[in-house]
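Taking it in order: structure first as structure tokens, then the write-up.
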Amino acid sequence: MSYDVPSQAGTAAPRGGAGAGGAAAVGGAPGSDAMPFACVDALFKKACISCHSGDNNPQLDLDGERVEERLVGQASSQSGSCGGRTLVSTDGSPSLLLQKLSAAPPCGARMPVGPMLTNAEIECVTRWVDSVSSAGEN
Ligand code: HEC
């Protein structure tokens with residue numbers, strides 16, 4: 001079963017009426033459909049791509065086009081201590097992306113290195129990952 005990445009057809013295309021800040025995007029029924037990626041993407045741009053982008057890229061590029069495709073169902077880097085895990089699982093198993101935002105990640109440092117995320121920001125990523133992960137269980 002391959003998971004159909006929702007934004008494949010148009011990068012950052014607004015789905016589900018994700019408004020500025022993505023607040024409107026939060027609230028879909030988990031498991032019924034993938035949550036819009038917009039609030040996650042905005043968060044990456046704000047808090048992650050200073051390290052995780054193109055040239056300046058510890059193992060994971062969270063910038064630019066098709067970020068979702070580099071996350072959903074994808075293995076983490078093989079080079080670091082976080083190697084061999086799934087970034088965003090599609091079967092309900094642990095997703096490294098979320099684990100790295102938790103206080104005690106299973107490998108490496110808590111992300112982002114630097115200022116902490118707000119609870120709302122973590123909630124946004126959590127909901128998106130949960131929606132993707134549980135959608136793949138069916
Ligand atoms: C100041 C630089 C910096 C920032 C900002 C940062 N990271 Fe990282 N990230 C790193 C470094 C260095 C590593 C490799 C070491 C480790 O895993 O702790 C890493 C590793 C990771 C990994 C594991 C990748 C793999 O394939 O092994 C994930 C997932 C991750 N970061 C997510 C994030 C997210 C999400 C954000 C934003 C909320 C973020 N990072 C912000 C520096 C950063």
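A short reminder: the numbers here are calculations on the coordinates, not readings from a lab. Model, not experiment: these values are computed from the prediction. FYI the Cβ positions are ideal-geometry reconstructions off the backbone, even for glycines, and counts take in every protein chain you see.
What the phi angles of segment 52-67 give under the Karplus curve with 6.51, -1.76 and 1.60, with θ = phi - 60°, is a coupling list of 9, 8, x, 5, 10, 9, x, 6, 9, 9, 9, 10, x, 7, 6, 4 Hz, glycine and proline written as x. Between Cys107 and Glu69, the contour length at 0.36 nm per residue exceeds the alpha carbon distance by 11.4 nm.
Take the Cβ atoms of Ala120 and Asp91, set R0 to 41 Å, and the FRET efficiency comes out at 0.90.
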